[in-house]
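Worksheet for the structure shown next.
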Amino acid sequence: LSKKTQERNADNCPPVLRLLEKRQELADVDQRLRAQKEFQDVSELVARFDALANTQAAMRLTERQQLRQVEEERARLQRLRDTWRDELLRLRQRRAQLLERLEAARERTLQWESKWVQIQNTAAEKTLLLGRSRMSALNLFQLVCQHQRQPPALDIEDTEGQLEQ
């Protein structure tokens, strides 16, 4: 049960921690070997040495693989950061361009609004002038009709007809 729990925990541990655990196991075994005064048989010693050498080789291989993975992930992270910085720079440039266009549009809007106010003022002036001219024509028409002792035969709004008589 203890080994199964350790195996499950080992699956959840980062590779570096597993490597450290393996190294600790190797150190523990080495310490136990040193504590023994001597091996009972030379073949036991050789077998144990071979097992330790194989374990050490496997651990070195695992360590190299994990270091390679770490370096690959660092390189990938750097590429992502570079891409992010490039994208951020591009978006900032685009924002600056859009702000310039917005400012130019606002200036054009102000110019056209000013032009529109000028047109409205001119139209108002012309409308007043036209109104005065029509009133003057009506007054002249009424004076002519009074002078001729005739009632006004035309409509008040018919300025052209009034001017023709």
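The values are calculated or read from the model by the stated rules, or taken from the named source; none is laboratory data. Since we're looking at a predicted model, the values are computed, not measured. Counting neighbours? That spans all protein chains shown, and the Cβs are built from the backbone with ideal geometry, glycine included.
Before moving on, here are some points about what is shown:
- Cβ pairs under 7 Å, 6+ apart, first in region 123-136 and under 12 Å from Glu157 (Cβ atoms), second surrounded by 10 or more Cβ atoms within 10 Å (Cβ to Cβ): Arg134/Thr159
- Criterion: assigned by TED's automatic domain parsing to the domain that holds Arg18, more than 27 Å from Leu17 (Cα to Cα) and not basic (Lys, Arg) - qualifying residue of Glu125, Glu72, Glu44, Glu63: Glu44
Matching residues to (1) modelled with pLDDT of 80 or more; (2) touching a helix residue (DSSP H, G or I) at 6+ places or on another chain (Cβ under 7 Å); (3) under 20 Å from Thr62 (Cα atoms); (4) assigned to a helix (DSSP H, G or I):
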residue: Ala10; (1), (2), (3), (4): no, yes, yes, yes
residue: Leu17; (1), (2), (3), (4): yes, no, yes, yes
residue: Arg34; (1), (2), (3), (4): no, no, no, yes
residue: Glu38; (1), (2), (3), (4): no, no, no, no
residue: Ala47; (1), (2), (3), (4): yes, no, no, yes
